1. Could you go through the stretch 21-34 in sequence order and give the Karplus-derived ³J(HN,Hα) for each residue, using 6.51 cos²θ - 1.76 cosθ + 1.60 with θ = phi - 60°, rounded to whole Hz, and x for Gly and Pro?
2. Pairing the Cα long axis of helix 73-85 with the longest principal axis of the chain, what angle in degrees results, from 0 to 90 and rounded to the nearest 10?
3. Sum up the lysine pairs in the chain that clear both bars: alpha-carbon distance under 20 Å and a spacing of 8 or more or different chains.
4. Pop out the ³J(HN,Hα) list for the stretch 44-61 in order, Karplus 6.51 cos²θ - 1.76 cosθ + 1.60 with θ = phi - 60°, rounded to Hz; leave Gly and Pro as x.
5. How high is the relative contact order of the chain, in percent, with contacts defined as C-alpha pairs under 8 Å that are six or more residues apart?
6. From the backbone phi of the stretch 35-41, what are the Karplus-calculated ³J(HN,Hα) couplings (6.51 cos²θ - 1.76 cosθ + 1.60, θ = phi - 60°) in whole Hz, Gly and Pro given as x?
7. In the set [x] 97; [y] 84; [z] 143, which value of volume of the Cα convex hull per residue in Å³ was calculated from the structure you see?
8. Taking only the alpha-carbon atoms of the stretch 41-93, what semi-axes of the equivalent ellipsoid follow from 5 times the gyration tensor eigenvalues under a square root, in whole Å, largest first?
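None of the figures in this text is laboratory data; all of them are computed from the coordinates on show. Predicted, not measured: the structure shown is a model, and the values here were computed from it.
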Amino acid sequence: MVFGVVVFITYKNETFVPKAIAAFEELIQSSNTKEPECLTYELHIDNENSKRIIVIERYVNKDALTETHQKSAEFIAIMKFNDDNKEEVEKLE
């Protein structure tokens, strides 16, 4: 069974969104090329809230998320960026 996650990240203000997109680019590239158990990793800008981005992730199982993806250097770097700049995070599994 496929394991999916949708994450809504709201930043403190709109100026952080382009910076977030740039920061996510390396994680997206790494996830889609270096993690064979990652089926989908996409980033979208919310059309109704200009301070929010939406991350859509699909993995072959939950371990692919928790044991591989979340331990990657790219994931750790984006988490640091988000910790410094986010207003709110909502995660749906």
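1. Residue by residue, the stretch 21-34 yields 4, 4, 5, 6, 4, 5, 5, 4, 4, 5, 4, 7, 10, 9 Hz.
2. 20 degrees
3. 17
4. Taking θ as phi minus 60°, the curve returns 10, 8, 5, 6, 9, 9, 5, 9, 10, 10, 10, 10, 10, 10, 9, 9, 5, 6 Hz for the stretch 44-61.
5. 46 percent
6. Once rounded to whole Hz, the list reads 10, x, 8, 8, 8, 8, 9.
7. Checking each listed value against the structure points to [y].
8. So the equivalent ellipsoid measures 21, 15, 9 Å along its semi-axes.
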